[in-house]
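Bear in mind that the values in this text are calculations on the coordinates, not laboratory data. All values reported here derive from a predicted model rather than from experimental measurement. Positions of Cβ are backbone-derived with ideal geometry, glycine not excepted, and every protein chain shown enters the neighbour counts.
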Amino acid sequence: METLTLKTTGRTEFLDITREVEKMVSRSAMKDGLVFVFVPHTTAGITINEGADPSVAEDILGVLNRLIPFQGDYRHREGNSAAHIKAGLMGASVQVAVEKGKLVLGTWQAIFFCEFDGPRTRKVLLKIIGA
Ligand code: ZN
């Protein structure tokens, strides 16, 4: 298992981690297989979406923040239920195929770490499976 450490700077933000994942895959020398990318946090998530136009990630985050307000009729005493709900919607893992040492992603796709209760230091775990 490889670990990628991230420092987030906002309360909520999307960080494009495609390059970092690519680097770890090439460092592993694995040419053909799969990379399993896992976020071991309950108030952060991960998703694949458009990376070419940064306003797409801003729009997704904007809608999530509008739909799920920070303050609400929540029971969780820690006070960060909104972050838990957003993390649940995005999910905790993505898988990307690797061929000839490269991530198999669509032209416009990027891998985003989704911070919902920052700023914090976060971890992303990568299991690189293949030969
Ligand atoms: Zn909590």
**OP:** Please work out which residue is nearest to the ligand (Cβ to nearest atom), limiting yourself to segment 86-106 and to residues that are surrounded by fewer than 18 Cβ atoms within 10 Å (Cβ to Cβ) and assigned to a helix (DSSP H, G or I).
**Re:** 88
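Table: residues versus (1) acidic (Asp, Glu); (2) under 30 Å from residue 79 (Cα atoms); (3) touching a residue at least 40 places away in the same chain (Cβ under 8 Å).
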site	(1), (2), (3)
5	no, yes, yes
11	no, yes, yes
15	no, yes, yes
21	no, no, yes
24	no, no, yes
27	no, no, no
33	no, no, yes
Original post:
residue 66 versus (1) more than 16 Å from the ligand (Cβ to nearest atom); (2) outside any helix (DSSP H, G or I); (3) more than 15 Å from the chain's Cα centre (by Cα): which is the lone unmet condition?
Top reply: (2)
Original post:
Of all the residues that make up segment 107-131, how many are part of a strand (DSSP E or B), in contact with an Asp or Glu (Cβ under 9 Å, 6 or more places away or on another chain) and not hydrophobic (A, V, I, L, M, F, W, C)?
Top reply: 5
Original post:
Only one of (1) of a type outside the set (Phe, Trp, Tyr); (2) surrounded by fewer than 16 Cβ atoms within 10 Å (Cβ to Cβ); (3) out of contact with any Gly (no Cβ under 8 Å at 6 or more places or on another chain) fails for residue 119. Which number is that?
Top reply: (3)
